[in-house]
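Here the structure comes first, spelled out in structure tokens, and everything after it is commentary.
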């Protein structure tokens, strides 16, 4: 492998690590709304649509929540849910 190829791989790896770290740092996004739709993909990722915002969640949260529930969500910059609160009427 040439030194240039090694440098490119190292640069991509460092950029990926830095991107993941920056996505997890505050400020976090916050929004409220009604759960409109749920989607599970074949690759094992789960998503919720809450008033126009798509949020990635884990399988347990996906199975627990029902369409029509009022939610308050805090998520990372890349829309992965940190916490989800159910709002009571």
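Read-outs throughout are calculated quantities, based only on the coordinates presented, and are distinct from any laboratory measurement. Every value quoted in this text rests on a predicted model; they were computed, and no experiment measured them. A quick note on method: Cβ atoms are made from the backbone with ideal geometry, for glycine too, and the neighbour counts reach across all protein chains shown.
Note on Cα Rg over 2.2 N^0.38 Å: of the candidates (1) 1.42; (2) 1.26; (3) 1.67, the value calculated from this structure sits at (1). Cβ crowding within 10 Å, taken as a proxy for footprinting-reagent exposure, orders 29, 41 from fewest neighbours to most as 41, 29.
Between 0 and 90 degrees, the angle of helix 3-24 with respect to the longest Cα principal axis of the chain falls at about 20 degrees.
Between 54, 73, 17, the Gaussian network model of the chain with springs among Cα atoms under 10 angstrom shows the greatest mean-square fluctuation at 17.
Mean separation of Cα pairs under 8 Å and 6+ residues apart, divided by the residue count of the chain: what relative contact order is that in percent?
On the way: 131 pairs, mean separation 23.6, N = 89.
About 27 percent, as a whole number.
With the helix formula -39500 (n - 2.57) applied to DSSP H stretches of n ≥ 4, the chain reaches a computed 222 nm mean residue ellipticity of -10000 deg cm²/dmol.
Note on the chain: with a GNM built from Cα contacts shorter than 10 Å, the maximum mean-square fluctuation among 40, 23, 70 falls on 40. Put in order of Cβ neighbour count within 10 Å, fewest first, the listed residues 34, 61, 76 become 34, 61, 76.
Which percent, to the nearest 5, of DSSP beta bridges fully inside the chain are antiparallel? Antiparallel bridges make up about 95 percent of those DSSP assigns within the chain. Give me 75, 16 ranked fewest to most by other Cβ atoms within 10 Å of their Cβ, as a rough exposure proxy. If I rank by nearby Cβ atoms, fewest first, I get 16, 75.
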